[in-house]
Amino acid sequence: MTPDFTPFLMSGEQIMWQGESHKEGPPANARSTRSTRMFSVIWTVISALLFGSIIAQSVGNEGMKGKAWAAMIGCAVLFVGIGIGIFISTYHYRQEYYCLTDKRFLVMTVQGEIATSGELSHILSAELTSIRNGFGSIVMKTDLVHYTHSNGHSHSHRTYWSMRGIQEPAECYRLLTGVLQINDEYRFIK
C-alpha cells in the first residue's frame, strides 16, 4: 500500500510516478554492499585471530589477574562484535515509499515523514543499477555537494538519491531520463 503524498505537494505540483521498496529487490548500490560485507568479514577474522592469539599466549601468565582477563576478553568481544554487527547491518531492510513529481523527488518513511525531498533539477544522472526478481534499483547523482573540514583538510561529498527494489523500474527510469534530458537542455540554454 503506497501512502498518500498529496499533503506534501507544493501548489500546482503533479505526481508522475510513485512506488515503494521491496525486500526482494536488489540494494541500490550492490557493489558497496559487497565491499562492506567483505570488509566486515576481514575485520572479524583479523580481530578473532589477533585476540585469540593474545589470549592463547596469556593463558600461562601468572601476572594476568581477573581485571586484565576481563578487559582482554571484553575487547575481543567488542572488536569481533563490531565486525559481526557491520555484516548484519548490510541485510537490514528499511521500507521506504518513493514519489516523482513534475518538480521533486520525495522519499517517505513508514512513519509518514518525508526523509528526502529534492528538486529534480539537481539530478545530473540516473543509473538503473540492477534488476532482480522483477524489482530494480535506481541511483541518482545530484549536483549537491557538501564540504567538511577536519584536521586542516577539506573533503567534498556528493549527494546521491536512490530507490531500492522498486516495481517496474524501467518505467521510473524512463521518466527520470526524460527529466534529465529536459534538465540538460535547460542547462545548455543558460
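For this structure, a couple of remarks:
- Residue that is farthest from the chain's Cα centre (by Cα), among those in the range 5-63 that are at pLDDT below 80 and among the acidic types (Asp, Glu): 62
- Of the listed requirements (1) surrounded by fewer than 14 Cβ atoms within 10 Å (Cβ to Cβ); (2) out of contact with any Lys or Arg (no Cβ under 9 Å at 6 or more places or on another chain); (3) within 30 Å of residue 8 (Cβ to Cβ); (4) charged (D, E, K, R), residue 65 misses just one: (3).
- Of the residues screened, residue 155 is one that is modelled with pLDDT under 80 and either over 23 Å from residue 15 (Cα atoms) or surrounded by 11 or more Cβ atoms within 10 Å (Cβ to Cβ) (or both).
- Cβ-Cβ under 6 Å pairs, at least 6 apart or on other chains, the range 113-133 side on the phi < 0 side of the Ramachandran plot, far side in a helix (DSSP H, G or I) and surrounded by 16 or more Cβ atoms within 10 Å (Cβ to Cβ): 114/8; 120/179; 121/183; 126/176; 128/169; 128/173
- Any hit, the range 132-141, residues being among the β-branched types (Val, Ile, Thr), surrounded by 14 or more Cβ atoms within 10 Å (Cβ to Cβ) and more than 15 Å from residue 21 (Cα to Cα): no
- Scan of the range 101-112 for residues that are part of a strand (DSSP E or B), touching a residue at least 60 places away in the same chain (Cβ under 8 Å) and not hydrophobic (A, V, I, L, M, F, W, C), ordered by number: 101, 104
- Options 129, 116, 142; residue that is more than 30 Å from residue 11 (Cα to Cα), part of a strand (DSSP E or B) and polar (S, T, N, Q): 129
- Being modelled with pLDDT under 85, of a type outside the set (Gly, Ala, Ser) and either in contact with a Ser or Thr (Cβ under 9 Å, 6 or more places away or on another chain) or farther than 17 Å from residue 139 by Cα (or both) is a property that residue 99 lacks.
The values are calculated or read from the model by the stated rules, or taken from the named source; none is laboratory data. Values in this document were obtained by computation on a predicted structure and should not be read as measured data. Cβ atoms come from the backbone with ideal geometry, glycine included; neighbour counts cover every protein chain shown.
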